[in-house]
């Protein structure tokens with residue numbers, strides 16, 4: 001029986017991980033997030049309120065459950081907010097990872113040699129650690145060059161893990177889309193669909209390129225890492241790279257919405273606090289080879305999302 005601690009369980013990826021793993025009888029799930037449990041399903045797992053920036057709370061949860069795996073989906077991901085709230089960003093994205101490493105190390109020392117086990121931290125990272133100037137998809141061995149404080153913090157968390165003595169896996173991903181319980185979170189797909197459905201005009205950049213990732217696909221990649229005990233860095237994203245404008249046009253086409261409401265703009269007209277990389281598609285061959293990762297196309301992902309939306313309406 002593997003014990004798996006999922007941090008950020010109230011978020012999109014966290015919820016999807018919990019719902020996928022509670023179907024199995026070979027794992028024990030501890031879901032943890034700040035504040036109350038927002039998942040509709042309350043059975044099949046244990047929930048703990050956890051402030052990952054609080055070193056004592058992190059140590060206590062490790063002492064209480066002694067997990068085999070930690071999937072860290074918790075982070076401060078508002079890129080522009082990170083640009084102005086450095087302390088909060090660093091606490092959530094960097095110091096918290098050090099808290100995990102320290103707690104895992106301390107906890108393992110509390111057991112005798114025969115009982116000791118090396119817990120495995122699976123940490124979610126981002127395409128934004130790259131500057132986007134390569135002009136083609138990135139591999140795991142390409143050199144990061146973060147352009148924003150958010151990206152800087154995520155790259156620093158990666159470096160901390162790589163210098164540690166724990167067992168670790170870094171999962172870099174790009175634009176996750178999907179739905180959560182009670183539709184409490186949005187993402188670019190849901191935002192575009194909602195705005196266009198209401199007849200609202202939307203400004204969409206045509207000079208940024210991404211590989212949108214269906215949440216269920218990313219979950220499959222993370223769980224495969226658990227099952228295979230895979231370590232190192234993996235790029236786990238959607239397989240289709242497109243401009244943000246093309247992405248939104250595909251959303252409009254799929255749900256037969258008015259594309260005349262979509263206004264193409266350039267990134268430099270937005271006056272955003274944080275700089276975004278222009279092109280961050282991934283080459284996912286390593287994940288396909290090592291993890292058996294097989295993501296859906298973007299249109300297939302929209303089809304899955306559509307069925308989920310119909311089920312909650």
Check: So how many residues does segment 234-272 have that are part of a strand (DSSP E or B) and surrounded by fewer than 19 Cβ atoms within 10 Å (Cβ to Cβ)?
Finding: 5
Notebook entry, point to check: Taking into account only those residues within segment 35-54 that are in contact (Cβ under 8 Å) with a residue 40 or more places away in the chain and touching a strand residue (DSSP E or B) at 6+ places or on another chain (Cβ under 9 Å), which is surrounded by the fewest Cβ atoms within 10 Å (Cβ to Cβ)?
Noted result: 39
Note to self: Tell me which helices (runs of 4 or more DSSP H) are completely within segment 93-202 and hold 2 or more residues being modelled with pLDDT under 95 and either in contact with a strand residue (DSSP E or B) (Cβ under 9 Å, 6 or more places away or on another chain) or surrounded by 13 or more Cβ atoms within 10 Å (Cβ to Cβ) (or both), or say none if there are none.
What the structure shows: 96-109
Notebook entry, point to check: For segment 289-303, what are the residues that are crowded, with 17+ Cβ neighbours inside 10 Å and more than 15 Å from residue 188 (Cβ to Cβ)?
Noted result: 291, 293, 295, 296
Next item on the list: Please work out if residue 18 is modelled with pLDDT of 95 or more, assigned to a helix (DSSP H, G or I) and within 18 Å of the chain's Cα centre (by Cα).
Entry: yes
Note to self: Restricting to segment 21-34, count the residues that are touching a strand residue (DSSP E or B) at 6+ places or on another chain (Cβ under 8 Å) and in a loop (DSSP other than H, G, I, E, B).
What the structure shows: 3
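Quick one: is residue 223 modelled with pLDDT of 95 or more, out of contact with any strand residue (DSSP E or B) (no Cβ under 7 Å at 6 or more places or on another chain) and within 28 Å of residue 67 (Cβ to Cβ)? Before the answer, list the steps.
Working: modelled with pLDDT of 95 or more: yes; out of contact with any strand residue (DSSP E or B) (no Cβ under 7 Å at 6 or more places or on another chain): yes; within 28 Å of residue 67 (Cβ to Cβ): yes.
Considered against the rule, which asks whether it is modelled with pLDDT of 95 or more, out of contact with any strand residue (DSSP E or B) (no Cβ under 7 Å at 6 or more places or on another chain) and within 28 Å of residue 67 (Cβ to Cβ), residue 223 comes out as yes.
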Notebook entry, point to check: Is there a residue being without any contact (Cβ under 8 Å) to a residue 60 or more places away in the chain, part of a helix (DSSP H, G or I) and touching a helix residue (DSSP H, G or I) at 6+ places or on another chain (Cβ under 7 Å) anywhere in segment 71-92?
Noted result: no
Next item on the list: Select from segment 273-312 the residues that are closer than 21 Å to residue 253 by Cα, out of contact with any helix residue (DSSP H, G or I) (no Cβ under 9 Å at 6 or more places or on another chain) and part of a loop (DSSP other than H, G, I, E, B) and list them in ascending order.
Entry: 297
Note to self: Considering only residues that are in a loop (DSSP other than H, G, I, E, B) and under 16 Å from residue 189 (Cα atoms), which ones fall in segment 206-221?
What the structure shows: 206, 208, 211, 212
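The values are calculated or read from the model by the stated rules, or taken from the named source; none is laboratory data. On a predicted model such as this, the values are computed, not experimentally measured, just so you know. Positions of Cβ are backbone-derived with ideal geometry, glycine not excepted, and every protein chain shown enters the neighbour counts.
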